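Taken together, the values in this text are just the output of simple stated rules run on the coordinates, not laboratory data. Note that the coordinates shown come from a computational prediction; the quantities given were computed from them, not determined experimentally. All Cβ positions, glycine included, derive from the backbone under ideal geometry; neighbour counts span all protein chains shown.
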Amino acid sequence: MSNTGKIAKAFVSGKAFIPFITCGDPDLETTAAVVRAAAQNGADLIELGIPFSDPTAEGPVIQGANIRALSAGATTDKIFDLVRELRCDVVVPMVFMTYANVVFSYGAELFISTCKEIGIDGLILPDLPFEEKEEFLPLCHQYGVDLISLIAPTSENRISMIAREAEGFIYIVSSLGVTGMRSEIKTDLASIVEVVRQNTDIPCAIGFGISTPEQARKMAALSDGAIVGSAIIRLLEQHGKDAPKYVGEYVKSMKDALSQC
């Protein structure tokens, strides 16, 4: 039984707002408070980043968060414990976003079975090519953890193939390059979403480069939701241990903007 049903719940009551938080930046206690603040202020699904020393898809803001988290001693085991504790009261779907190397080095079966045990609903591995997902897919199916596919502007003729086999939700990458706040997004996302819609009824959300309520509204009008990482990480960078309050306010403003779609 896949967790698609659980993740689908994030998209049932209108457009979904999906914040991304790097675990352990500046420390795991702050991460716990930020996750709770996000959930209380309308986050529909939360992406938790497991820090990695070489995060290929990330721009300078999230790279900085990875470095701060690793320097502060964040490990995969500590993050598993954090999620166990969060699941005492946080009910929204949560997914891990990390790198194939993190899963490999931990031991794929142990990693994925632990995800199930602690209540993680899905896994996003931006450096895992579609053609190589068989490396993890059988284990994800065995333990009911959705392996979430990414579709980028360069996916072109592979979009329909990726969409047909997708689980949970589809992460549509808005722009080429790395994560980070952008003043405008020029990709023809409407045509990508159209191909996705023709091939699956699984929801899709757009991420990379979204930071303002106006951008989020525009992206969610095209898709089923908006994903925001760098703007939230920047609040953590600015406010450190005091960030939960600011992240809560930011999530609320973004969710309010999506409610107008």
- Answer with one residue from His141, Leu48, Ala100: the one whose Cα lies farthest towards the positive end of the charge dipole of segment 24-154, charges on Cβ with Lys, Arg +1 and Asp, Glu -1. Leu48
- Using only C-alpha atoms and all pairs of different ones, pull out the Kirkwood radius for segment 136-261 in Å with one decimal. 15.6
- Just the ratio, please: alpha-carbon radius of gyration of segment 1-145 over 2.2 N^0.38 Å, N its number of residues. 0.99
- Item | segment 194-235, Rg to Rh (Cα coordinates; Rh as Kirkwood inverse mean 1/r) | 1.05
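Quick one: what do you get for the chain if you divide its Cα Rg by 2.2 N^0.38 Å?
Here the Cα radius of gyration is 0.91 times the empirical estimate.
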- Task: Take every Cα-Cα distance within segment 3-83, group them into 10 Å bins from 0 onward, and report for each bin the whole-number percent of pairs it holds.
- Result: 18, 44, 31, 7
- Task: Take the Cβ-Cβ distance between Glu194 and Cys88 as r, set R0 to 51 Å, and report the resulting FRET efficiency rounded to the nearest 0.05.
- Result: 0.75
- Message: Only four residue types carry charge here, +1 at the Cβ of Lys and Arg and -1 at the Cβ of Asp and Glu. Report the dipole size of segment 41-132 about the Cα centre in Debye, rounded to the nearest 20.
- Response: 280
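Suppose every Lys and Arg Cβ carries +1 and every Asp and Glu Cβ carries -1, with no other charges. What dipole size does segment 93-135 come out with about its Cα centre, to the nearest 20 debye?
Using only the charged Cβ atoms, the result is roughly 180 debye.
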- Task: Figure the gain on full extension for Asp81 and Glu237 (residue separation times 0.36 nm, minus the Cα-Cα span) and round it to one decimal in nm.
- Result: 53.8 nm
- Task: Rounding to the nearest 20 debye, state how big the charge dipole of the chain is about its Cα centre with +1 on each Lys and Arg Cβ and -1 on each Asp and Glu Cβ.
- Result: 700
- Which of Lys116/Lys245; Lys218/Lys252; Lys78/Lys241; Lys78/Lys245; Lys9/Lys241; Lys15/Lys116 exceed 22 Å between C-alpha atoms? The answer is Lys116/Lys245; Lys78/Lys245; Lys9/Lys241; Lys15/Lys116
- Please give, to one decimal in nm, the separation of the simple spin-label points placed at Ser160 and Glu214, each 7 Å out from Cα toward the Cβ. 3.7
